[in-house]
Amino acid sequence: MNRILLNGAWQAREKGTNESIPARVPGSIFLDLLAAKKIDDPFFGLNEKQCPQVFEKDWIFSRQFDVPGQLLECERIFLEFDGIDTIAEIFLNGKKIAQIDNMHRRYRFEVKQHLRRTAEARQNLLEIHISSPTRYVTPLNQTHHLKSPIQAIQGGPYLRKCASSFGWDWGPQIPDMGIWRDVRLCGFSGARIKDVLIRQDHAERHVDVNCRIKLENLSGEPFRLNARLFDPDGNAVAECEEETVETVLLKLPVKNPKLWYPNGYGHQPLYTLQIDLMDSSDVLDSYEKKIGLRKLGVEQKPDEFGRTFTVVVNECPIFCRGANWIPSDNFLPRNTAEKYQFLIKSAAEVNFNMLRVWGGGIYEDDAFYNLCDEYGILVWQDFMFSCAIYPIDESFAENVKLEAIDNIRRLRHHPCLALWCGNNEMEWGWVEWGWSQEYAAEWKAGYSRMFEKMLPEICAEEDPDRLYWQSSPSSGGQFDQPNDESRGDGHYWQVWHGRKPFTAYREHYFRFMSEFGFESFPSIKTIKAFAPENELNFFSRVMENHQKNSAGNELIFYYISKIFRLPATFENQIYISQLLQAEAIRFGVEHWRRNRDRCMGTLYWQFNDCWSVASWASIDFFGRWKALQYFARRFFQPILVSAQETETSIELHVSNETRSRFEGELKWRLMDDAGVLKRGTEQIALEKLSTRCFAQLNFAHELAGEKKYSTWLAFSLKQGSSVIGTGSTIFVPYKHFNFRQPDIEARITESGGVQEIEIISKTYAKFVELDFETRDAIFSDNYFDLIPGEPRTVRVAVKGISAEQIKKELLIRSLYDAQR
């Protein structure tokens, strides 16, 4: 195969004008205008409101290029686009090649007859005319309104485009346009590799890797295919070679395979599969992928609670721990490999083993899935449909069919890919949101054709070894009680939207909790990047514009009033909002982990942000970890000690998400400002992949009267000399507890470029936060509790700064400081 990339420097201009600006591919019109200083940053202040002057226009992207003679000699030459956003006409040397309307698809057009040779006087000219998405969908939606989120520009479902770019309850209304993925010319002669389907057969200490290879053969003559498999160290472990005209199955047997496991359950060894297509003397085409050897399925079988929903990898039932993923930048070409690396590494570091790629975004870049393979992050992959009613005509369905086939073939070799899901919350919408009453029966039937017939049939053909799940939440489709706690997966939003207390999570036992969440404000440093000083108030115009949930700020302050005292300063209100979020999700996760086997997954909403905003994310747009991200490191750790408290009693549970038996020491102390009131120690043993209550304690006497407002329980779990986990809990709302000034002190030392901060408090200190006023850093622990006189050591790596300077810049805050 001969290929040349057509990325890099292009030109862009508004259609109907002659003034061009420099453009980049991959890129977008907003990024090009921003780079050319033609617009202000759309994410700053109220600038989002000026964006229609860009997305309501049509734009032309163009570039000139030469074609090497070797490429021109190929029998067939194709122009390939990995992604155009979204409605576009493609012209090559003045000839219209195609018209397209799906940003989720890759396109390939034969163009040899339209190319100019390098020796000719003029270069080749490629032009992409991209039309306004809103001027396309608005008249269609006025003719027949299709339901979509109220925070979005209406009409989005008519277009196969990133749904959240039209707006969501955490995202701006900035539908972008541009050539957002690679462009190339590709030529071949004789034959090329058209498709490869990789399947695995697992037996004891043996795996057969079966490769079904399809060719596009121009000659009709047989060609040789050679397949080799290399282990993670680069050693060849299997090889097979055969001739074929069109399709062949090559088997690669692997003895004593190194199996791939999700994060926390084992290692992630990746093998390299290399396939070469050859004629008598040359390699005509090659295919190379990293694969993981693993057996994966989703077990659904009857039990005492209903029907299980358990991801099983290599016969190991996995408790899935993670969050929902959205596009990490509204301007998609800024989602670089470095940004993916930071986010996926951040997920793995806090013990995630699953991310759900939510259906209102995009099928992510290859770099995302490669990193999930490397870090052991399973992927729940939605098809790109969410919270809306979509067209039901045949042309729309055919477009979706090609989109699905394209993305399944691109992603199915990844060991991280756990399942395909038809859509987000649309079955739920038909059953409980009034859609069935608002729309004629043919629309509901159209939903069934797409999500319960067409997509499962495509998945069965293109990726037969993975589960297709009809919707999320779902009990298995056919509009049969989606969100039924006894089967399938669930979304629970009564904590937050329904104003239920955090303890309400403990009343529900979903088999797999795939969405639940709570909002908070981002870091003050992030807020200052989009809001001027005079707008630093949560009810200012700018702050309200960066809060897309209409009741969001009100709900945050409602929950503050129930749990915390109202802080006096803007900065402390941000801090308290993040504690609210972290505590809410902790209540849910710890409860469902205490009920392992009944519940086998918790994915909170949401992991990341697409712009600077108040949202449900645990990492904000600039990559700053919120309190929730640090909490996740603790409540998702493989061996967890957790407390379930009532007014005067408490249970201490230990959950073991490892493949080994755990033995350790569980300690607890009931304390007040004077010291220890009561204590206990228990040597515990817990089987692998299990959970158990080890202590049931009643403190009715010790907490009588006013005592409960100054008494807390501290607990810890150790294995040998290693502390596995610690925690503390109180028995009244934080707003009523008698916290005293902690007088926290910090001692800082440095070794090998890592600073160690030893923190100690004179009194009980809750939710101790470490930060710097201007610097960004990720601490080994944060938002933790301090027991009087008991030091805690936190590590942080800040380059080019002394321990003395760290001490000067370090900011320490506890709940006492925020509530006084």
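Okay, here's what the table says:
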| quantity | calculated |
| --- | --- |
| The chain - mean residue ellipticity at 222 nm from DSSP helices (-39,500 (n - 2.57) per run, n ≥ 4, rounded to 500) | -5500 deg cm²/dmol |
| Protection proxy ranking of 92-100, 652-660 - average other beta-carbon atoms within 10 Å, highest first | 652-660, 92-100 |
| Local net charge near Arg212, Cβ-Cβ under 9 Å (Lys/Arg +1, Asp/Glu -1) | +1 |
| Highest-first arrangement of 759-767, 577-585, where packing means the average Cβ count within 10 Å | 577-585, 759-767 |
| Extension reserve of the Leu536-Ser219 stretch, reckoned as 0.36 nm per residue once the Cα distance is removed | 107.2 nm |
| Length added when fully stretched, Glu809-Glu56, from 0.36 nm per residue minus Cα-Cα | 266.4 nm |
| Tyr287 - accessible surface, heavy atoms, 1.4 Å probe, Å² rounded to 10 | 40 |
| Exceeding the 18 Å Cα-Cα cut-off - candidates Lys57/Lys147; Lys49/Lys626; Lys678/Lys708; Lys251/Lys289 | Lys57/Lys147; Lys49/Lys626 |
| Spacing of the two label points (7 Å from each Cα toward its C-beta) at Ala704 and His206, in nm | 7.2 |
| Solvent-accessible surface (1.4 angstrom probe) belonging to Ser280, in square angstrom, nearest 10 | 110 |
| Surface share of carbon and sulfur [accessible, 1.4 angstrom probe, percent] for the stretch 53-93 | 37 |
| Förster-model FRET efficiency, 45 Å R0, His114 and Leu249, C-beta, rounded to 0.05 | 0.75 |
| Dipole moment magnitude, nearest 20 debye, the chain about Cα centre, only Lys, Arg, Asp, Glu C-beta charged | 1160 |
| Axial C-alpha extent at least 24 Å, average Kyte-Doolittle at least -0.5 - helices from the chain (DSSP) | 394-411, 570-593 |
| Label point 7 Å beyond Cα of Asp195 along Cβ direction - residues of the stretch 214-238 with amide nitrogen under 15 Å | 214-217 |
| Cα-based reach from Lys95 at 13 Å (exclusive), listing aspartates and glutamates while leaving out same-chain residues under 8 positions away | Glu110, Glu127 |
| Label point distance in nm, Phe342-Glu554, each placed 7 Å from Cα along Cα→Cβ | 3.5 |
| Residue among Asn738, Ser486, Phe109 farthest towards the positive dipole end of the chain, charges placed on Cβ | Asn738 |
| Most to least packed among 606-613, 631-638, 241-248 [average Cβ atoms within 10 Å] | 606-613, 631-638, 241-248 |
| Dipole axis of the chain (+1 Lys, Arg; -1 Asp, Glu on Cβ), positive-most option in Gln151, Pro139, Leu689 | Leu689 |
| The stretch 656-742: radius of gyration over Cα atoms, expressed as a fraction of 2.2 N^0.38 Å | 1.27 |
| Rounded to whole Hz, the Karplus (6.51, -1.76, 1.60) HN-Hα couplings of the stretch 782-798, x for glycine and proline | 6, 6, 9, 9, 10, 8, x, x, 10, x, 10, 10, 10, 9, 8, 10, 10 |
| Beta bridges per DSSP with both ends in the chain, % antiparallel, nearest 5 | 85 |
| Relative contact order, percent, the stretch 673-743 [alpha-carbon distance under 8 Å, six or more residues apart] | 23 |
| Chain lengthening between Lys762 and Lys444 when straightened (0.36 nm per residue, less Cα-Cα) | 108.1 nm |
| For the stretch 434-524, size of Cβ-based charge dipole, Lys and Arg +1, Asp and Glu -1, in debye | 420 |
| Trypsin sites (Lys or Arg not before Pro) within the stretch 485-555: DSSP coil, no more than 14 neighbouring Cβ in 10 Å | Arg499 |
| Relative contact order, percent, the chain [alpha-carbon distance under 8 Å, six or more residues apart] | 9 |
| FRET efficiency estimate (nearest 0.05) - Cβ-Cβ, Arg410 to Asp597, R0 41 angstrom | 0.70 |
| Accessible area (Å², per residue) of the chain, counting only protein heavy atoms and a probe of 1.4 Å | 39 |
| Virtual spin-label span in nm between Cys693 and Ser660, 7 Å along Cα→Cβ | 3.0 |
| Nearest-0.05 FRET efficiency for Trp433 and Ser751, computed from C-beta distance (R0 51 Å) | 0.35 |
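The values are calculated or read from the model by the stated rules, or taken from the named source; none is laboratory data. Only a predicted model underlies this, so the values are computations on that prediction, with no experimental measurement involved. With ideal geometry, Cβ positions are generated from the backbone for all residues, glycine too; neighbour counts draw on all protein chains shown. Accessible surface is based on the protein model in full, side chains and every heavy atom, while ligands, DNA and RNA are left aside. Shrake-Rupley method; radii C 1.70, N 1.55, O 1.52, S 1.80 Å.
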